[in-house]
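Rule-based calculations on the coordinates, nothing more; no lab input. These figures come from a predicted structure and were not determined experimentally. All Cβ positions, even for glycine, are placed from backbone atoms using ideal geometry, and neighbour counts span all protein chains on display.
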Amino acid sequence: MTTTSVHTALNNQTVKQLDRKGVFYSWSVQGSLDPLVIKSGRGCWLWDYEGREYLDFSSQLVNTNIGHQHPKVLNAIKAQVDELTTIAPSHANYARGLAAEKVLARAPAGFDKVFFTNGGADANENAIRMARAATGREKVLSAYRSYHGGTGSAIAATGDFRRVPNEYARGHVHFFSPYLYRSDFWAQNEEEEAVRALQHLRRVIEAEGTTAVAAILLETVPGTAGILVPPNGYLAGVRALADEFGIALIFDEVMAGFGRTGEWLALDHFGVTPDLITFAKGVNSGYVPAGGVLISEKISRHFNDSMFFGGLTYSGHPLAMAAICATLDTMEEEDIVGNAARIGANVLAPGLKQIAERHENVGDVRGLGVFQAIELVEDRATRQPLNAKAMGQLKAAMIERGLLPFVVANRIHVVPPCVVTAHEAEQGLSIINDSLASLR
Ligand code: PLP
């Protein structure tokens, strides 16, 4: 039997049985990875083995910015497969040099190097080590509302207590960032929030020792924690504190970077430049695992030949590099970042606001570009998070209607690929609206 005929013989049930034997270890955010069987995809769409189609409003953990199976990226990967598929990072390689240039071209002025990794967590691992090497200090401060990856230092930096193995988190200290409940239904004062959060951060730095902190690591726009767009002045205030105390500032752009917010990097919205930037996911839309660290000259001037950074065997893997080059070129040619900005501003943000006006269970709407979220509450008076049972029903209702959402806790993260059309965005909004109505 050829591979093709094996595939033809499969259906949703047989694939589910195979996957559920427990051989493949799977993990789920409160059940938010869905019991779906996915066979194929194209653009914003996914299909199962029985031909059911789903609008992918999750982008597979906010990853496929360019959409599924983009022919230009697939062709570039195929061409690279024919030429060379593995190369040690000690040898010069054309695809890697080209990818490094293209990634660096999106960084702010003052950045002169890029180190490639295999994903987001090891990008953060390496950025932390670079900050420690450059400052000669140990401690790392990161926000409570954050996710930085599942490896040693990255998970220790992660502020979400459900996942942090605290016993391994030595040298990592968490601070409060502003929590923006940017809802029209409550009065708020963004700038006050920023000032309060910055005062807290200063106290944390002083408590840890003003010459002890190597790095402040934060997501420019926290993603998994709820797509929390920072208030005016907050990131600039963090930058000022980092400068005052000689601390390296790392922006984690693994989820928010490379087009999702309607700018190449999320930091472009705020005019604040960190010392290190980590990236992954969107840089090649996850077609081949890749990530990396953009390094400013301020940090890289401390490096010498004996500095060693990890994940080396596959660092700059030719297939990942080919996918990065093709993804970034295609995003430029097809104005995909512009599309994310337009769809976000003209369709998703106003559409979600309308949904909020219709449904009492929507407490908050927020985001940038195709990086939006709605927060579900029991009712607007109490702002209590909507209970888990109702969230489960809501998720099932969306899937039943053909929408694959990214649900975390009491939030629906509205994160379609950056190539989503206005029509597809409206289809998705209509399913979210109908699903909310079905809760009553
Ligand atoms: N940083 C952020 C902001 C993320 O959202 C993620 C993954 O969701 C990571 C780091 C970890 O990336 P990876 O899963 O590629 O290790």
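Between beta-carbons, use under 15 Å as the cut-off and find the net charge around Ala76, counting Lys and Arg +1, Asp and Glu -1. Intermediate values should be presented prior to the final figure.
Working: positive: Lys72, Lys78, Arg96, Lys102; negative: Asp82, Glu83, Asp329, Glu332, Glu333, Glu334.
Net charge in that neighbourhood comes out at -2.
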### Task
Quick one: what are the phi-derived ³J(HN,Hα) couplings along the stretch 48-58, Karplus 6.51/-1.76/1.60 with θ = phi - 60°, whole Hz, x for glycine and proline?
9, 6, 9, x, 5, 10, 10, 7, 7, 9, 10
### Task
Determine the calculated [θ] at 222 nm for the chain from helices alone, applying -39500 (n - 2.57) to every DSSP H run no shorter than 4 residues and normalising by the residue count; nearest 500 deg cm²/dmol.
-11000 deg cm²/dmol
### Query
Could you give the distance between the Cα centres of the stretch 216-279 and the stretch 100-166, to the whole Å?
12
### Task
Going by C-beta contacts inside 10 Å, put Ile277, Ile87, Ile431, Ile374 in order with the fewest on the left.
Ile87, Ile431, Ile374, Ile277
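Using the structure shown, list the pairs from Lys78/Lys102; Lys102/Lys281; Lys39/Lys78; Lys39/Lys395; Lys102/Lys298; Lys39/Lys389 with a Cα-Cα distance above 23 Å, or answer none. Please report the intermediate quantities before stating the final value.
Values: Lys78/Lys102 20 Å; Lys102/Lys281 16 Å; Lys39/Lys78 20 Å; Lys39/Lys395 21 Å; Lys102/Lys298 21 Å; Lys39/Lys389 29 Å.
Violating the 23 Å Cα-Cα cut-off are Lys39/Lys389.
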#### Entry: Per-residue Cβ neighbour rank within 10 angstrom, fewest leading, Glu253, Glu208
Glu208, Glu253
## Note on the structure
Checked the chain with the C-alpha gyration tensor, a ≥ b ≥ c its square-rooted eigenvalues, rounded below a/c of 1.5, otherwise prolate if a/b is larger than b/c and oblate if not; verdict oblate
### Query
What are the aspartates and glutamates whose alpha-carbon lies under 15 Å from the alpha-carbon of Lys72, with same-chain residues fewer than 8 places away excluded?
Asp329, Glu332, Glu333, Glu334, Asp335
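Suppose R0 equals 35 Å. What FRET efficiency, 1/(1 + (r/R0)^6) with r the Cβ-Cβ distance, do Lys39 and Val195 give to the nearest 0.05? Could the numbers behind the result be given before it?
Details: r = 51 Å, r/R0 = 1.47.
Between Lys39 and Val195 the formula returns 0.10.
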### Query
In what order do Leu312, Leu294 fall by count of nearby beta-carbon atoms within 10 Å, going from fewest to most?
Leu312, Leu294
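Would you please give the FRET efficiency between Ala92 and Glu357, computed as 1/(1 + (r/R0)^6) with r the Cβ-Cβ distance and R0 = 56 Å, to the nearest 0.05?
FRET efficiency, Ala92 to Glu357: 0.45.
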